[in-house]
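Take a look at the structure set out below.
Only the coordinates and a few stated rules stand behind these numbers; no lab work does. Please read all numbers here as calculations on a predicted model, not as lab measurements. Here the Cβ positions follow ideal geometry from the backbone for every residue, glycine too, while neighbour counts run over all protein chains shown.
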Amino acid sequence: MQRRHFLALATGTLAAGALGGYLPDALAGRAPSANGATGTLDAAAFRALRRFARTGFGNIAYIDHGRGPAALFLHGFPLNSFQWRGAIERLSPHRRCIAPDFLGLGYTEVAPGQSLAPAEQAAMLAALLDRLGIDDVDLIANDSGGAVAQLFVARYPKRVRTLLLTNCDAQIECPPAALLPVIDLAKQGRFVSEWLAPWHADTTLARSPEGIGGMCFANPDNPTDEAIEYYLTPLVRAADRTHAYAIALESNSLAGIAPALRQCNAPTRIVWGTNDSIFSTAGAEHLDRSFGQSRGVRWLEGSKLFWPEERPDVIAEEALRLWGGA
C-alpha cells in the first residue's frame, strides 16, 4: 500500500476528568492492557451477541447491546463490527449500541445480485433500523464506514441525531490514493490471496510494517491474534465477495454531497489520527468545513486509521460529550 506522510498537527487531547458528569465512572482508573484496550468484549462474548436481521439486501449480521436511545456504529475495511467492541462496552450503559457488518464484509449474508456500493450500504442501514423499530440514531463511523455515514446523513437527515466521524473518506479523498492498489488487485482477483490470506495465516506478518498492523495501527501489538481471526476469516473464505466490496469503492460515492452535508442539523464532531497514511489531515479539515453543525476537529497525534479500536476511551469521551451537548 502506498504511504504518504503528513505534518502532525497540534493535538486537542482532553483529559477524561474534564467531562465531569458525562463520563461513566467505569472509565476512571482503568489500566490499559498491552494493546491499549481495557476490559473489552472478547471474541467469544461478541460472537454470542451476534444476531441476524432479514432484509431485502440480505441477512444482516449485527450486534445489539445496551439500553437507551440507539447509537449506530459503522466499521472500516477490511474489518467488521468487532472493531467497536471497546466503545460498545463503554457506551452500552448510555445507548442501545447497534453495530452491523456491512454488505460484503464480516458475517453478513448478501442477497444474490446485491450491489455492495456505498449508497446501497446506506440503504441497507435504513432497512435494518426499520426492521429493529429504530427511528433515529447517534451515528459513529470510521474509514469506509465514514463515507456510508455521510451518505446516510444526506439521504435520511431526520434519522441522525448526532454524528461522530473518525478517519474516513471525504469528498476530496474518496477513494483515497492509498486504496487504489487494493482496488486494482481486487479487480485481478488477487487481493485476498496476496494480502489477506498471508496475514490470516501469519499474525506476526499481519502486525508487521508490511501488514495491516503497521499500516493502520499505532501499537505494534495490534491487531491481536483474536482480532485477526475474527476479521479475516470470513473474508478469506469468501474471496469473491471481498473483492466485490473493494471494487465497489472505486467511484467517488461522495461526489455532489456538499449541499446535503451543509444542511445537516445534526451536531457533528470529527476526531482524527494524524499518523494515518491512508487518509490525509486535509480530509478532516474538509469535513469540518462541510458540515453545517460541525463542532470542530480533535487531532490525535501519533494515531493511525484504526485508532478507534485502540483508543475506545476517546470514542466514549467524545460521544458522551457530543450527546450531552446535542
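Table for the structure above
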read-out	value
For the chain, alpha-carbon Rg relative to the globular expectation (2.2 N^0.38 Å, N residues)	0.90
Over the chain: helical MRE at 222 nm, DSSP H runs n ≥ 4 each giving -39500 (n - 2.57), nearest 500	-10000 deg cm²/dmol
Of Ile172, Leu103, Leu91, farthest towards positive along the dipole that unit charges on Lys, Arg, Asp, Glu beta carbons give the stretch 83-207	Leu91
Convex hull (Cα only) mean projected area of the stretch 168-240, reported in nm² to one decimal	5.3 nm²
Inter-label distance for Ser193 and Ser251, nm, one decimal - labels placed 7 Å from Cα along Cα-to-Cβ	2.9 nm
For the stretch 194-326, projected area of the alpha-carbon convex hull averaged over all directions, nm²	9.3 nm²
For q = 0.17, 0.22 Å⁻¹, Debye-computed log10 I/I(0) when each Cα of the stretch 127-258 counts as one equal scatterer	-1.05, -1.29
Where trypsin sites (Lys or Arg not before Pro) fall in DSSP loop in the stretch 158-211, at most 13 other Cβ within 10 Å	Arg190
Placed amide H near Cys168: partners under 5 Å, 5+ positions off or other chain	Asp143
